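Student: Supplied in structure tokens, the structure appears directly below.
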Amino acid sequence: MTETYDLHCHSSASDGFLTPTEVIQRAQQMGVTSLSLTDHDTINGQAEAAKAALDNNINFIPGIEISTTWENKCFHIIGLNIDYEHPALINGIQALQTLRVERAKKIALKLEKKRIPNVYQAVLEAAKGGMVTRAHFADYLLSHNYVATQQEAFDRYLGQGKPAFVSTVWADLQEAVDWITQSGGVAVVAHPMRYRISASWMRRFLSFFKQTGGQGIEVITGRTNPDEIRRAMLFATQYELAASVGSDFHTPKNKWVELGRLSPLPKNIKPVWELF
Ligand code: AMP
Ligand code: MN
Ligand code: MN
Ligand code: MN
């Protein structure tokens, strides 16, 4: 049987549309054989997903996507094959969870100044106890016709430099990698092509990430084109990082990103799952 890995996706524990059980069921339908659920700054969906994976014959790899800050820039670091009950990890992400609530309040206040009232309560309810992210705000703006698309919500309100952007200092990069490593996991740079930084900043970032003990980088993501794959392969080779594969699936409503629907990983690179 062919193995199909998808090592990056979200559930209702953060900004995903499906419950952890539904994510696993959908993965199974899509032919995924090994799945990691990587919610933003939380492990709350892990136990449910692990159980559903047993019932659906999926090889479940516990995971997380941690928001970090390095040199005033935000980077998402995926932890794969973590022990999601490890105290170092659980204690570490607690501050991020508080930070997300505080930030959501500030974003709502900024939106109020733009005559968009009552958003805080609405996004809290939409998040159903899960991590609140800007995706929840974008959904609110979209469903209440303040914008026509999710992208417009980021372009007009939520993106960096826009009126409702709240500059946030996330976890220290070294600390986040340490939490992942101490819990037995592998730290992986998420979606390297999505950071709007110059090539020289990217090289500085990757050499620092390597020094922290980071071991992987996403080479294949949901919407990568051949040129992006080629560039990510160069990063992986130059910094001796193992290659990961993950859709970053959030919702069935997005027709372009689906669980397991990923370009094949090139052969001449070490896959991250060899480190598990
Ligand atoms: P946060 O971590 O709260 O800043 O929210 C980041 C999340 O918002 C990402 O994980 C995506 O789900 C979503 N997101 C970020 N940028 C965009 C964008 N330009 N268009 C649509 N969704 C986005
Ligand atoms: Mn997200
Ligand atoms: Mn991300
Ligand atoms: Mn993600």
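The values are calculated or read from the model by the stated rules, or taken from the named source; none is laboratory data. Just so you know, these numbers come straight off a predicted model, no measurement behind them. So basically every Cβ, Gly included, is an ideal-geometry build from the backbone, and we count neighbours across all protein chains shown. Accessible surface areas use protein heavy atoms only, side chains included; no ligands, DNA or RNA. Shrake-Rupley method; radii C 1.70, N 1.55, O 1.52, S 1.80 Å.
Student: With just the Cα atoms defining each centre, how far is the range 142-205 from the range 33-110? Give it in Å.
Tutor: About 14 Å separates the Cα centre of the range 142-205 from the one of the range 33-110.
Student: Convert each backbone phi in the range 60-74 into a coupling constant with the Karplus relation 6.51 cos²θ - 1.76 cosθ + 1.60 (shift: θ = phi - 60°), then list the ³J(HN,Hα) values in order as whole Hz, x for Gly and Pro.
Tutor: Calculated HN-Hα couplings, in order: 8, 10, x, x, 7, 10, 9, 7, 10, 10, 9, 6, 6, 10, 8 Hz.
Student: In the Gaussian network model of the chain, springs joining C-alpha atoms below 10 Å, which of Asp15, Asp172, Asp55 carries the largest mean-square fluctuation?
Tutor: Top of the fluctuation ranking is Asp55.
Student: Still on this structure, please answer the following. Using a 1.4 Å probe on the protein chains only, how many percent of the accessible area of the range 1-84 belongs to carbon and sulfur? Let's see the in-between values first.
Tutor: Working: 1420 of 3090 Å².
Ligands and nucleic acids excluded, carbon and sulfur give 46 percent.
Student: Given Lys113/Lys162; Lys210/Lys267; Lys106/Lys162; Lys114/Lys162, which pairs have Cα atoms separated by over 18 Å?
Tutor: Values: Lys113/Lys162 13 Å; Lys210/Lys267 22 Å; Lys106/Lys162 14 Å; Lys114/Lys162 11 Å.
In this structure, Lys210/Lys267 lie more than 18 Å apart at Cα.
Student: Follow-up. Starting from the Cα gyration tensor of the range 110-149, take the square roots of the eigenvalues, sort them a ≥ b ≥ c, and report rounded, prolate or oblate (rounded when a/c is under 1.5, otherwise prolate if a/b is larger than b/c, else oblate).
Tutor: On the way: a/c = 2.12, a/b = 1.38, b/c = 1.53.
Since a/c reaches 1.5 but b/c is at least a/b, the shape of the range 110-149 is classed as oblate.
Student: Let me ask something additional. Per the Debye formula with a single identical scatterer at each Cα and no solvent contribution, what log10 I(q)/I(0) holds for the chain at q = 0.13, 0.16 Å⁻¹?
Tutor: -0.85, -1.31
Student: Given the peptides 143-154, 245-256, arrange them by the average over their residues of other C-beta atoms within 10 Å, most packed first.
Tutor: Sorting 143-154, 245-256 by mean packing, highest first, produces 245-256, 143-154.
Student: Still on this structure, please answer the following. For a quick check: with amide H placed at 1.01 Å from N, whose amide H comes under 5 Å from Thr69's, ignoring anything fewer than 5 positions away on the same chain?
Tutor: It is Phe75, Trp170, Ala171, Asp172, Leu173, by chain and number.
Student: Using a 10 Å cut-off on Cβ atoms, rank the peptides 7-14, 217-224, 27-34 from the highest mean neighbour count down. Provide the component values of the computation, followed by the final result.
Tutor: Values: 7-14: 26.8, 217-224: 23.2, 27-34: 18.8.
Going by the mean number of other Cβ atoms within 10 Å, highest first, we get 7-14, 217-224, 27-34.
Student: Can you tell me how the range 167-276 classifies by the Cα gyration tensor, rounded, prolate or oblate, using a/c under 1.5 as the rounded cut? Mind dumping the intermediate values first?
Tutor: On the way: a/c = 1.37, a/b = 1.29, b/c = 1.07.
Rounded, because the longest to shortest axis ratio a/c is under 1.5.
Student: Let me ask something else. Multiplying the sequence separation of Gln160 and Ser143 by 0.36 nm and subtracting their Cα-Cα distance, what value in nm do you get? Show your work: numbers first, answer last.
Tutor: On the way: separation 17, 0.36 × 17 = 6.12 nm, distance 2.18 nm.
Gain on extension, Gln160 to Ser143, equals 3.9 nm.
Student: Which residue, Gly130, Gly79, Gly159, has the most motion in a Gaussian network model of the chain that connects Cα atoms within less than 10 Å?
Tutor: Looking only at Gly130, Gly79, Gly159, the biggest GNM fluctuation is shown by Gly159.
Student: Can you give the Rg to Rh ratio of the range 91-215, both from alpha-carbon atoms, with Rh computed by the Kirkwood formula? Mind showing how you got there, number by number?
Tutor: On the way: Rg = 16.8 Å, Rh = 16.4 Å.
Here the Rg-to-Rh quotient is 1.03.
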